[in-house]
Amino acid sequence: MIGLNSIAEAGIGESASVLWTGRSGRRYLMEREREAGVAMTPTRLYALEDNGVIGWAGTAEDLIGDHRAREKFRRLSASGASMLSLAAPSDPLAVMTLVWDLEGSRRALGRAA
């Protein structure tokens, strides 16, 4: 297991994992997803990051059932936002809380995991 202060690199100087700070101050270890051919699964929570800020966070189910989430996701994807993910909680309330904590938050500067 990789510690939160370890550095793991994948490819050209870009971290495979990113340490992200939520609005609450809680830190999350998120994985970068390769944009081409990402197959979203129900066990993961996804986020789109643009210029160091998460503009959308949610699950694959959110994209199916919520037209506003789908529109926001499409707009950010079209603008070249990077996709991140982490394991989704099994409790729907915990998922909503996590989405709230991540949307609008900024990357923990100077740290990668």
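Quick notes on this structure:
- Test: Gly55 is modelled with pLDDT of 90 or more, under 16 Å from the mean Cα position of the chain (by Cα) and part of a loop (DSSP other than H, G, I, E, B): no
- Test: Arg107 is of a type in the set (Lys, Arg), in a strand (DSSP E or B) and in contact (Cβ under 8 Å) with a residue 40 or more places away in the chain: yes
- Any hit, the stretch 64-85, residues being under 15 Å from Glu33 (Cβ atoms), under 15 Å from the mean Cα position of the chain (by Cα) and assigned to a loop (DSSP other than H, G, I, E, B): yes
- Annotation note: of Glu49, Glu61, the sole residue that is charged (D, E, K, R) and either closer than 14 Å to Glu33 by Cβ or in a strand (DSSP E or B) (or both) is Glu49.
- Residue in the stretch 51-64 that is within 18 Å of Ser17 (Cβ to Cβ), surrounded by 12 or more Cβ atoms within 10 Å (Cβ to Cβ) and touching a Leu at 6+ places or on another chain (Cβ under 9 Å) present: yes
- Criterion: under 15 Å from Leu98 (Cβ atoms), within 11 Å of the chain's Cα centre (by Cα) and either basic (Lys, Arg) or exposed (fewer than 15 other Cβ atoms within 10 Å of the Cβ) (or both) - qualifying residue of Arg26, Arg44: Arg44
- Leading residue by the ranking (modelled with the lowest pLDDT) among those in the stretch 1-23 that are over 12 Å from the mean Cα position of the chain (by Cα) and assigned to a strand (DSSP E or B): Glu9
- Within the stretch 88-104, the set of residues being surrounded by 12 or more Cβ atoms within 10 Å (Cβ to Cβ) and of a type outside the set (Phe, Trp, Tyr) comprises Ala88, Pro89, Ala94, Val95, Met96, Thr97, Leu98, Val99, Asp101, Leu102, Glu103, Gly104.
The values are calculated or read from the model by the stated rules, or taken from the named source; none is laboratory data. All values reported here derive from a predicted model rather than from experimental measurement. Cβ atoms come from the backbone with ideal geometry, glycine included; neighbour counts cover every protein chain shown.
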